[in-house]
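The values are calculated or read from the model by the stated rules, or taken from the named source; none is laboratory data. Note that the structure is a prediction, hence the values are computed from the model and not measured. Glycine gets a Cβ as well: all are built from the backbone with ideal geometry, and neighbour counts include every protein chain shown. Surface areas here come from the heavy atoms of the whole protein model, side chains and all, with no ligands, DNA or RNA. Shrake-Rupley method; radii C 1.70, N 1.55, O 1.52, S 1.80 Å.
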Amino acid sequence: MDRLQFLLLLLMSSNGFCQQGEVCSKSVIESCDDCIKSGPHCVWCQQLNFTKKGEQEAARCDTKAQLIARGCEMDNIISPQNTITIEKKDPLSTSFDQEEPVQLSPQKINLILRPGLPTTFSVSFRRVEGYPVDLYYLMDLSYSMKDDLANVQGLGKELFEALNKITKHAQIGFGAFVDKTVLPYTNTNKEKLQNPCDGNDQQCQAAFGYRHVLSMTSSENEYKEKVAKQSISGNLDSPEGSLDAMMQAAVCGDKVGWRNSSTRLIVLATDAGFHMAGDGKLAGILEPNDEQCHMENSLYTKSSDMDYPSVGQLAMQLEKNNIQPIFAVTKTVENVYKQLSSMIPKSEVGVLSSDSKNVVELIVNAYSRLSSKVTVTHDNLPDNVRVFYTPICDNSIKGNIRGVCENVLVGKKISFNVTVTADSCMENKAFIIRPLGIKDTLTVTLSTNCKCQCNDPVESSSHCTENGRGRVNCGICKCNEGYVGQFCECDRGGKDERSLRASCQRQNGTECEGQGDCVCGRCLCHTSESGKSYHGDYCECDDDHCEKFQNQLCGGNGKCNCGKCECNPGYDGSACHCKKSEESCLTINNTVCYGRGTCKCNRCECKEGYQRPLCQTCPSCPDPCSVHQITVFGFDSGPFKKNCSLACSKSLHHEMVDSIPKSSNECHQKDSQGCWINFKLDQLVGEDNYNALIQKQRDCPEPPSVIAIIGGSIASVALIGIILLMLIKLLLYMKDLKEFRKFENEKKKSKWAEADNPLFQNATTTVANPTFTGE
């Protein structure tokens, strides 16, 4: 059993079931050029009479295997291929001999690609023995680096000896940095600017941002002399202007003295972090860094005017100028610079001792790691171009956008397979491939082949009618002015082509519904995938897309015509999937679905709102009590009084009864005389057909009592009058009371003078009653 399964699996893989085959994804194809633009596996058959009458010329476009299977000969298949032309390929150098060495080959290559079809070429690289080295030592001179400066000043001899072991063509430069001389980075007090160090340190130079001290030199004595003159400086905050200094050292190549053919290294020595783009806002510096050289008298002049560069800006300029940074930092900031190094290709981080005594060993080890790691990449690519790299070496790192080989020895040749794909048509585009940190480049010029080169036979002129109405182009007819058709057989007869094509469009839509050709103003329909022809005036119909039942078109009980099933006698349904029967659709009164639906497949299909199974009820329909006006019946009133027979007789039948049976659908309606009419509606067969049972006796309200109304009105008026008089009296009383209290208060406040009236005389006559005895 296991052996049988193995043989079956082997057979499947050999037939391609386990592999993805070539696919031609066609869209709108009108010519050979359109075909080859559709996909890398699309090819064109230029064979005469390959297509049948009425068949689209797009049938000439398919995969090679499909066209051959349909009878196209190999000689008539048009399939443009990629071409690679190497225009310059100088051999790789083995050692440096004062001439420009070649470490990358080839140097120029020209590609002509078919859109979507990848091509691969090889690039070789070899490290040259004794290749020159330019090392720029960029040192942090803030006060915390005081001990380090003293050691660096004495390391000139060791540093030159170490570099001379690598190459006989070594040069060293020197630069220094602190930070921007504005608050909050540096104390701007005049005295502090001149002596920013703590205490009375006599060996302290004025604050500065970046100073170029020594251009590239091979003289050990000159290096010692210049570095010995340097002294420490200072600032306020911990992060320094490291990125400012590195940017200027990278872009001011003529002042620093970088050579064209050399390994360029910047050694950044510091014990602090760094400021980056955006930090300048703290000092009110809003102008972004412009990545240009601003150095006068060896000083960075725009330090206080421009913001710090971003990490991205610095990485781009270092790569553009083939400079590889080595970050020689203390243990406290090692992690910070490792994160920075991860964003700058071809950079290394080494840990300095507290006094920088190990800086020479650190530089040698970092250079060894940098030079033995070869990274090949590209600059900005043209639009719709993809490039992938495959390293061919002992220690490769997998990746697509870059090719990386590690532990590459001097003199050892390695290579990279470069795969280029152009996804659209283009002409004379170019991009550069380069090893990071090396000046050698490969210029790739790219064009695409989007035109078919067809070899049309001379004797084929009669193919486009015998009267020479057109010519053959890649197997199809290109008609002369005034003629159209697959073989230019149609004379437009004075009509313009636009008018002829408009007559092949239904409702201003697609010409012949995209399923035929407009020939002489009429649609010539194509053949469908099943071999049947489209039909209809506009080729709008096909007989392949009707509803299926049990995976059979029209359930096998009918035929498909223009997208709809025409069922055989005795069958019904959209897919002819059921036999005709009304058994389950009959109601108790022997009607079909109560006249409110149709019976299909022995099942009621109800009109909108009515519910199955028999379309008897309609929960969402309007209430018939409010819809039907029945007040005219029996009472000679209502809005339809004058035309009752026309408005109501067809949809509403009535019967006058003494009483109505109690039910949930009892209705009540008020007539024009204010009386309530009670009735009941029973729906008959049909959609809007009712029988009304109307109660003879109306509920009319008793007339109002005139005497009670008049008496109540008079009493109400009298009561309101009395209440108003009482309110007026109360207001007057309150006002008088307020005035009296005001008078009393003023009387208490008055003061009367006490004096005798000069005109007043006391009584002088005394009269005694003679009869008074005193008892």
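Viscosity 1.002 mPa s, temperature 20 °C: what is the translational diffusion coefficient of the range 96-239 from Stokes-Einstein with a Kirkwood Rh over Cα pairs, rounded to a whole number of µm²/s?
Working: Rh = 18.8 Å.
The diffusion coefficient I find is 114 µm²/s.
For the range 347-399, take N as its residue count and report Rg(C-alpha) divided by 2.2 N^0.38 Å. Can you show the working numbers first?
Values: Rg = 17.1 Å, N = 53, 2.2 N^0.38 = 9.9 Å.
Compared with the compact-globule rule of thumb, the range 347-399 sits at 1.72.
Here the chain exposes an accessible surface that is 49 percent carbon and sulfur, computed with a 1.4 Å probe and the other protein chains kept in place. Which of VAL152, THR167, ALA65 sits farthest toward the positive end of the charge dipole of the range 42-175, with +1 on the Cβ of Lys and Arg and -1 on the Cβ of Asp and Glu? Positive-end residue among those listed: ALA65.
Straight-line cross-link reach from LYS748 at under 27 Å between alpha-carbon atoms covers these lysines, not counting any fewer than eight positions away in the same chain: LYS735, LYS738. FRET efficiency for the GLN505 to THR419 pair, using the beta carbon distance and R₀ = 45 Å, is estimated at 0.45.
Report, for the chain, the % of DSSP beta bridges that are antiparallel, rounded to 5. Walk me through the numbers before you get to the answer.
Details: 85 of 126 bridges.
Percent antiparallel among DSSP bridges in the chain is about 65.
The Kirkwood hydrodynamic radius of the range 277-436, based on inverse pair distances between different Cα atoms, is 18.8 Å. Within the set of other residues whose C-beta is less than 12 Å from the C-beta of SER620, count the net charge using Lys and Arg as +1 and Asp and Glu as -1. For residues surrounding SER620, the net value is -1. In this label model, VAL685 and SER581 are separated by 2.2 nm, measuring between points 7 Å along each Cα→Cβ vector.
Under 13 Å of direct C-alpha separation, and excluding same-chain neighbours fewer than eight residues apart, LYS747 reaches these aspartates and glutamates: GLU739.
What Kirkwood hydrodynamic radius, in Å, does the chain give when the mean of 1/r is taken over all pairs of distinct Cα atoms and then inverted? It would help to have the intermediate numbers written out before the result.
Working: mean 1/r = 0.0251 Å⁻¹.
Evaluated on the chain, it is 39.8 Å.
Whenever you get a sec, line up TRP258, TRP44, TRP676 from highest to lowest accessible area (probe 1.4 Å, protein heavy atoms).
Working: TRP258 25, TRP44 0, TRP676 110 Å².
Putting TRP258, TRP44, TRP676 in descending order of accessible area: TRP676, TRP258, TRP44.
Rounded to the nearest 500, the 222 nm mean residue ellipticity of the chain from helices alone is -6000 deg cm²/dmol, with -39,500 (n - 2.57) taken per DSSP H run of at least 4 residues.
Add +1 for every Lys or Arg and -1 for every Asp or Glu among the other residues with Cβ under 10 Å from the Cβ of CYS393, and state the total. Write down the numbers at each step before the final one.
Values: positive: LYS412, LYS413; negative: ASP394, GLU406.
After counting each charged neighbour, the total is 0.
Determine, for each peptide in 22-28, 309-315, 741-747, 170-176, the mean count of other beta carbons within 10 angstrom over its residues, then list the peptides with the highest first. It would help to have the intermediate numbers written out before the result.
Working: 22-28: 12.4, 309-315: 18.9, 741-747: 9.3, 170-176: 23.7.
Going from most to least packed, we get 170-176, 309-315, 22-28, 741-747.
Within the same chain, lysines fewer than 8 places from LYS229 are excluded, and of the rest, those with a Cα less than 17 Å from its Cα are LYS146, LYS157.
Which pairs in the list LYS532/LYS564; LYS108/LYS398; LYS320/LYS346; LYS88/LYS168; LYS224/LYS338 are over 21 Å apart, alpha-carbon to alpha-carbon? Could you put the intermediate results ahead of the total?
On the way: LYS532/LYS564 16 Å; LYS108/LYS398 26 Å; LYS320/LYS346 12 Å; LYS88/LYS168 30 Å; LYS224/LYS338 31 Å.
Long pairs (Cα-Cα over 21 Å): LYS108/LYS398; LYS88/LYS168; LYS224/LYS338.
Positive-end ranking of THR330, THR390, ILE438 along the dipole of the range 312-458, with charges on Cβ about the Cα centre, is headed by THR330.
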